[in-house]
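As structure tokens, the structure follows; a few thoughts come after it.
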Amino acid sequence: MNILIADDESMVRAGLRSMLEELDIGLNIIGETKNGQETVAFVQEHHPDLVFVDIKMPVLNGLEAIAQCKQHSPYTKWIILSGYSEFHYAQEALRLGACNYLLKPVSLNDIKNCISHIYEQYQKQLLERNKQLEYECIGLLTKNDINSYAREEAPSLKAGALLFLIDHHFSGREADLWTKQFLLQLQQMLYSEFLHGELQIAAFMYPNGSPLLCWTSSASTTQKIEERLAQLYHAISQFISQNADQQIRLSAVTICGQKDIQTTDSFALPLVAASIKQIYAQPELRYLLKDREIASVQMLVDNEADWKSICQQAQQIADCYRLKDYVGYSQHVAAINKSLAETYHPATKEWWMRIYHNLCFAMQIDGQINEQIDGHPTGHFDGQLKRQHDGRLDDQHGSGDPTKWTKQLNAYGEQLLARSARNDQTYKDVVQLATDYIDENYMHDIGIKQIAEALQVTPNYLSSLFHKKHGITFIKYLTKLRMLKAKELVLNSHQLKITEAAEAVGYYSPRHFTKLFKEYYGCSPTELREQLQNTSDVTVD
């Protein structure tokens with residue numbers, strides 16, 4: 001908590017400073033002022049969390065200083081210092097929003113009792129404001145129309161975000177556990193070190209299951225907030241480096257948006273939310289990022305036109321390799337080798353190596369480009385990914401020449417074909433595997449991402465294959481199956497409640513279940529059951 005001491009008596013200021021430092025509860029005295037005018041200027045520039053202010057000061061008194069500062073620093077708290085004869089002033093200060101007052105001379109016990117309660121409330125308020133920001137961000141990220149958003153608070157805001165992009169070789173459950181643990185540790189680090197009155201921070205899970213950090217601040221605190229954000233990003237850089245794991249490739253993208261002062265209906269947070277959606281909608285662009293790198297969104301935007309199609313080719317190679325699809329693999333390798341021949345030169349070498357290292361990770365192969373021995377790369381071995389201890393592959397290990405990709409990737413394709421011939425049963429149709437999984441688990445909370453991770457393919461790729469084979473989307477297939485099972489339950493189990501029937505087929509909202517049921521069968525579950533009952537009651541003479 002940042003504190004300002006405002007009093008025209010130097011002895012009072014020194015005494016207060018000494019007592020506050022003696023409390024040792026994380027208080028940071030950032031300045032002292034000796035009159036009301038200095039106090040107003042300091043608060044406007046530094047936005048302290050708490051001000052000890054004397055009622056009677058030169059130029060402007062304490063009440064006038066509070067009144068002027070409220071509009072510039074609404075979250076600053078005030079403690080009044082007054083004498084017995086000035087108590088009516090203290091009452092007026094409380095009406096202005098001061099949270100407490102102390103009678104001079106002030107004792108250590110007075111300070112301790114006053115600060116302990118304020119500090120506790122201060123921490124709670126910061127956490128509540130961060131939670132409010134989380135709700136706002138989730139609302140924006142799940143809405144299609146960000147222009148409908150209008151925040152009621154300050155008319156000028158800065159906002160930004162940090163997107164964590166994670167690739168891994170875990171099973172679905174292991175990946176979820178790792179991601180949740182990563183987010184929990186991130187939240188603990190943020191809320192223990194970076195809670196601040198003028199900087200709201202929310203770390204939460206994006207709807208697609210990726211960790212995400214968003215922040216907002218008043219645009220008037222630019223310099224101080226920039227310093228704070230620099231410390232934040234440095235801490236996060238160290239944090240993600242400490243979370244190195246051979247089965248995880250982790251990077252992050254920063255986004256920053258600021259309200260256009262000339263445009264009254266343009267807010268920073270919706271613009272940031274739009275950028276977040278755009279990045280997450282193009283997962284192939286992560287092939288341009290280094291492991292453990294924090295890159296700016298502008299870097300991706302600047303390179304999107306030149307590299308997006310090549311990143312997509314790399315993603316398709318990895319998908320086909322994991323699916324043991326030799327024909328598709330060979331076609332996409334030929335396409336990326338053509339792109340390599342057309343675009344490679346020393347200026348693009350760095351980008352090609354980034355793509356190659358990400359491709360090697362996705363294929364779970366060694367990233368070294370070596371000479372061929374009997375048609376097989378010497379650096380390749382199945383089931384593991386050989387990597388350096390710092391989680392990176394670099395040029396000193398023989399991977400510095402992208403022009404050798406052709407032989408390297410083709411050799412992996414030949415190995416793929418040889419293994420496929422030895423054991424065809426291993427490579428069962430991925431869509432059939434997904435269909436089998438749905439048929440067995442329709443009653444649970446399942447999604448395309450969860451199934452794709454279990455089959456080691458991307459959600460977009462599996463979704464495309466599923467639609468091509470079945471003629472409908474994954475969601476429509478799952479809904480149709482659930483409705484068929486629901487109808488069977490409703491008609492055959494007369495004592496079963498509608499809520500129980502809904503839960504039995506994977507729906508935990510009876511209202512949503514009934515709505516879907518009506519769309520499929522033209523009537524509610526209860527009405528269908530009554531129709532059957534009426535039919536059975538009819539007798540033929």
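Starting from segment 482-493, keep only residues that are under 17 Å from Thr435 (Cβ atoms), then list their pairs with residues that are part of a helix (DSSP H, G or I) and not small (Gly, Ala, Ser) whose Cβ atoms are within a distance under 9 Å, requiring at least 6 positions of separation or different chains.
Arg482/Phe513; Arg482/Leu516; Met483/Leu516; Met483/Phe517; Met483/Glu519; Met483/Tyr520; Met483/Tyr521; Leu484/Tyr520
Could you check, for segment 314-322, whether at least one of its residues is over 30 Å from Leu162 (Cα atoms), touching a Ser or Thr at 6+ places or on another chain (Cβ under 7 Å) and at pLDDT below 90?
Checking segment 314-322: not a single residue is over 30 Å from Leu162 (Cα atoms), touching a Ser or Thr at 6+ places or on another chain (Cβ under 7 Å) and at pLDDT below 90.
Could you check how many residues of segment 37-72 are polar (S, T, N, Q), buried (at least 16 other Cβ atoms within 10 Å of the Cβ) and not in a helix (DSSP H, G or I)?
Residues in segment 37-72 being polar (S, T, N, Q), buried (at least 16 other Cβ atoms within 10 Å of the Cβ) and not in a helix (DSSP H, G or I): 1 in total.
Of everything in segment 469-479, what is in contact with a helix residue (DSSP H, G or I) (Cβ under 9 Å, 6 or more places away or on another chain) and either without any contact (Cβ under 8 Å) to a residue 12 or more places away in the chain or aliphatic (A, V, I, L, M) (or both)? Give them in sequence order.
Ile472, Thr473, Ile475, Lys476, Leu478, listed by residue number.
Quick one: which residue in Leu484, Leu433 is hydrophobic (A, V, I, L, M, F, W, C), modelled with pLDDT of 90 or more and surrounded by fewer than 16 Cβ atoms within 10 Å (Cβ to Cβ)?
Leu484
Pairs only if they're at least six apart or on different chains, beta carbon under 7 angstrom, first in segment 114-130 and within 15 Å of Leu20 (Cβ to Cβ), second of a type in the set (Val, Ile, Thr) and modelled with pLDDT of 80 or more; list them, first residue then second.
Pairs found: Cys114/Ile79.
Across segment 178-217, which residue is modelled with the highest pLDDT among those that are over 15 Å from Glu134 (Cα atoms), part of a helix (DSSP H, G or I) and touching a helix residue (DSSP H, G or I) at 6+ places or on another chain (Cβ under 8 Å)?
Gln185
If Ile475 passes every condition in (1) more than 18 Å from Asp319 (Cβ to Cβ); (2) of a type in the set (Val, Ile, Thr); (3) surrounded by 14 or more Cβ atoms within 10 Å (Cβ to Cβ) but one, which one does it miss?
(3)
Taking Gln282, is it at pLDDT 85 or above, farther than 23 Å from Gln188 by Cα, more than 22 Å from the chain's Cα centre (by Cα) and not acidic (Asp, Glu)?
no
Can you pull out the residues in segment 510-541 that are modelled with pLDDT under 85, over 22 Å from Tyr442 (Cβ atoms) and surrounded by 12 or more Cβ atoms within 10 Å (Cβ to Cβ)?
Glu530, Gln531, Leu532
Restricting segment 316-327 to residues that are open to solvent by 10 Å² or more (accessible area, probe 1.4 Å) and assigned to a helix (DSSP H, G or I), which is farthest from Gln415 (Cα to Cα)?
Gln316
Give me a count of the residues in segment 439-458 that are in contact with a Lys or Arg (Cβ under 6 Å, 6 or more places away or on another chain) and open to solvent by 50 Å² or more (accessible area, probe 1.4 Å).
Residues that pass the stated criteria total 1.
Here is a check on your reading of the model: is Val333 touching a Leu at 6+ places or on another chain (Cβ under 7 Å), assigned to a helix (DSSP H, G or I) and either under 30 Å from Leu433 (Cβ atoms) or of a type in the set (Val, Ile, Thr) (or both)?
When the stated conditions are applied, Val333 passes them.
May I ask you to list pairs of residues, at least six apart or on different chains, whose Cβ atoms are under 6 Å apart, with the first in segment 10-27 being farther than 19 Å from His117 by Cα and the second being surrounded by 14 or more Cβ atoms within 10 Å (Cβ to Cβ) and of a type in the set (D, E, K, R)?
Arg13/Asp7; Arg13/Glu32
Does Pro459 fit the bill of being free of Cβ contacts under 8 Å to residues at least 40 places away in the same chain and over 30 Å from Trp178 (Cα atoms)?
Answer is no for this residue.
The values are calculated or read from the model by the stated rules, or taken from the named source; none is laboratory data. Just so it is clear, the model here is predicted, and its values are computed rather than measured. Note: ideal-geometry Cβ built from the backbone for every residue, glycine included; neighbour counts use all protein chains shown. Keep in mind that these areas ignore ligands, DNA and RNA; they rest on the heavy atoms of the full protein, side chains included. Shrake-Rupley method; radii C 1.70, N 1.55, O 1.52, S 1.80 Å.
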